Amino acid sequence: MNRVETVLGIESSCDDTAAAVVRADRTILSSVVADQSALHAAFGGVVPEIAARAHAEKLDISVAAALKDADISLSEIDAIAVTAGPGLIGGVISGVMMARGLAAGSGKPLIGVNHLAGHALTPRLTDNLAFPYLMLLVSGGHCQFLIVNGADDFERLGGTIDDAPGEAFDKIARLLGLAQPGGPSVEVEAKKGNAATFAYPRPLLNRPDCDLSFSGLKTAVLRSRDALVKDKGGLTKGDRADICAGFQSAVRDVLIEKTRRAIDLYLQRLPTQPVLAIAGGVAANTSIRAGLETLSNESGLKFVAPPLRLCTDNAAMIAWAGIELRAVGNPGMSPLIARPRWPLDPRPPAMLGSGKKGAKA
Ligand code: KG4
Ligand code: ZN
């Protein structure tokens, strides 16, 4: 029997040091994620220098653990795939240098992978989807609609022109004194509140495209908090819950309406098995996820949401993207360098304020 191609993946573009071993038959032999959040907790956000140093310390340990968990040696690996961007440059460089060293020492091919391609191709690893599918990538650093046409063919339909929703959730949590990461904390509070108490804006819904904006919403929340502090000297727990509920429902409404437009554009391509897939930490939000699933079902699309551990940053998605690139004869980024910015779809002109804003991708 022929051996199945097996790839080692390495990811270090934000605050997770990750290594994984994945086979072309979609078996994840191992997936190790060393989370740095404790190192950054005191600073209210990811500190790039601390992240880069922690990656440099943890990369070899994570790779060794991934190989051990997979019960495989480096000599049995067919290729090494590494995130070459976009992301925090110090972390990306740490990962690329580690991968270069491993490749040089072992003689294995090295593939530079776009972190966003890793997210966008994950539904093919988990659900064996056929191209083209519609993907909403909604995380702490990104928010964009993509038509995934192939392993190296992504069409960006639109995205945020300022903050990513996860970044907005994190900022709202900070404004309200809730724990980081903000998404889960705000979601817990929102369940206790009344979304109608505060009438927050639904930005850019007057525009017919798929672009989104969250910074005005964030400012509106700040203003309502400050007004309450001025009027009453502070916020009650009820006020805080109402703010969270109002904010979350505004984010959900905007995401759902813009997804509806992205679905319209995608359906014009007449896909034989239409699918909406989601990825990124914000996709963990029960209310947002349920809204997207309902919209998807109503529009006749299958809804695919990979398990959360594969929706958030991990190296299995990088190994898988490497497998996909090799399958279409694409050697990955060449020459392999670390890139802080690396748009998936080079076609549309860059918009003011678009692209990577937050620490995470
Ligand atoms: O995908 P992810 O782990 O990292 C990247 O951004 O790549 O996403 C993290 C983001 C954080 O901003 C976090 O607050 C947000 O996802 N998040 C959530 C929820 N869980 C995580 N946002 C809203 N609701 C949640 N339940
Ligand atoms: Zn990411």
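The values are calculated or read from the model by the stated rules, or taken from the named source; none is laboratory data. All values reported here derive from a predicted model rather than from experimental measurement. No Cβ is skipped: glycine too gets one built from the backbone with ideal geometry, and neighbour counts run over all protein chains shown. Ligands, DNA and RNA are stripped out before the accessible areas are found, and what is left, the full protein with its side chains, is counted by its heavy atoms. Shrake-Rupley method; radii C 1.70, N 1.55, O 1.52, S 1.80 Å.
Here are some notes:
- Listing of helices (runs of 4 or more DSSP H) fully contained in region 33-130 that carry 3 or more residues being crowded, with 20+ Cβ neighbours inside 10 Å: 48-70, 89-106, 115-127
Residues are listed down the side, and each one gets a yes or a no for (1) at pLDDT below 95; (2) out of contact with any strand residue (DSSP E or B) (no Cβ under 6 Å at 6 or more places or on another chain):
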position	(1), (2)
R124	no, yes
D127	no, no
P132	no, no
L136	no, no
S139	yes, yes
H142	yes, yes
L146	no, no
D153	no, yes
E167	yes, yes
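- Filtered residues of region 325-348 (kept if touching an Asp or Glu at 6+ places or on another chain (Cβ under 8 Å), open to solvent by less than 30 Å² (accessible area, probe 1.4 Å) and at pLDDT 90 or above): L325
- Qualifying positions in region 36-51 - of a type in the set (A, V, I, L, M, F, W, C) and either in contact with a helix residue (DSSP H, G or I) (Cβ under 9 Å, 6 or more places away or on another chain) or touching a residue at least 12 places away in the same chain (Cβ under 8 Å) (or both): L39, A41, F43, V46, V47, I50, A51
- Checked against (1) within 16 Å of ligand 2 (Cβ to nearest atom); (2) not in a strand (DSSP E or B), A277 passes all but condition (2).
- Filter pass, E11 being in the same structural domain as R326 (by TED's automatic domain parsing), touching a strand residue (DSSP E or B) at 6+ places or on another chain (Cβ under 7 Å) and acidic (D, E): yes
- Some residue of region 133-145 being outside any loop (DSSP other than H, G, I, E, B), open to solvent by 10 Å² or more (accessible area, probe 1.4 Å) and more than 15 Å from ligand 2 (Cβ to nearest atom): no
- Looking across region 180-202 at every residue that is under 26 Å from the mean Cα position of the chain (by Cα) and of a type in the set (K, R), the one that is farthest from V138 (Cα to Cα) is identified as K191.
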